[in-house]
Amino acid sequence: MKRSTRKNIVGITLGVLIVGGSIGSLAHAHEPSSHNTPPPAQGQMDSAHANVQMSSEEIAKHLSEMFNVSETEVKQAIDAKKDLFDVGQAAMFAKISGKSFNDVMAMRDSGKTWEQIGDALNIMEDDVQRELDKIEIMHITMRGDVDEKTANVLYEEGYAPRDIDAAGIIAKASGKDVREVLERKTMKNSWKDVAKAFGVDPALVKPERPDGPPAPHPSTKE
């Protein structure tokens, strides 16, 4: 089944959590325990500067490369102690809309909500979801469970990042090909069931995040 997208801005705040959280998780992407590390809660994002062990230069460079925005503008916002939750969202909206990072950040500073800013910039939820998916794919490839080329090919074929991630974990642990693992996922089983079928500890497969966008099921193509 292909990933589902909706042509509206409803539910966009679900994605905002992942954008903010991705900054913090980047610092831990290479750690072996990252499969079991829970994402930051929404309340924690309000104090993101205290939780992220990265310099303003590193974060600015990361966001500049990911969203093609001005590294200088991003660093200035971080140095001004603007919430990373907003900094990450502004960078993503700037990329999607073609506006500068400072232009989008100014809209946020004026008191507009991110839903209002999205509406003003004519940003649709599927635009946001695709950017979030790219972040998820980046994290998967950084951990080394699936190589970058394979992950991107599978994504373009319609597989959700969540399913590529789970299949990659199981494939790496079992020594199997990731496509072979993906083919074992159906509407009638879970990724933990698939892990057991390949002799892999099901605890390695991350549970669905309650505060993130729901992953479409099943993972197989139409």
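The values are calculated or read from the model by the stated rules, or taken from the named source; none is laboratory data. Small disclaimer: the values here were computed from a predicted structure and weren't measured. Virtual Cβ from ideal backbone geometry, glycine too; neighbours counted across all protein chains shown. Each accessible area value is taken on the protein alone, full model and side chains, heavy atoms only, with ligands, DNA and RNA left out. Shrake-Rupley method; radii C 1.70, N 1.55, O 1.52, S 1.80 Å.
Computed values, structure above
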read-out	value
Probe 1.4 Å, all protein chains present, accessible-area order of Ser100, Ser56, largest first	Ser100, Ser56
Estimated distance in nm for a label pair at Asp201 and Thr113, the labels positioned 7 Å out from Cα along Cα-to-Cβ	4.3
Segment 73-86 - phi-based ³J(HN,Hα) in whole Hz, Karplus 6.51/-1.76/1.60, Gly and Pro as x	5, 5, 4, 4, 5, 5, 5, 7, 6, 6, 4, 4, 3, 6
If the convex hull is drawn through the Cα atoms of segment 117-208, its volume per residue in Å³	113
Kirkwood estimate for segment 83-152, i.e. one over the average of 1/r between Cα atoms, Å	13.1
Heavy-atom accessible area per residue - segment 62-111, 1.4 Å, Å²	44
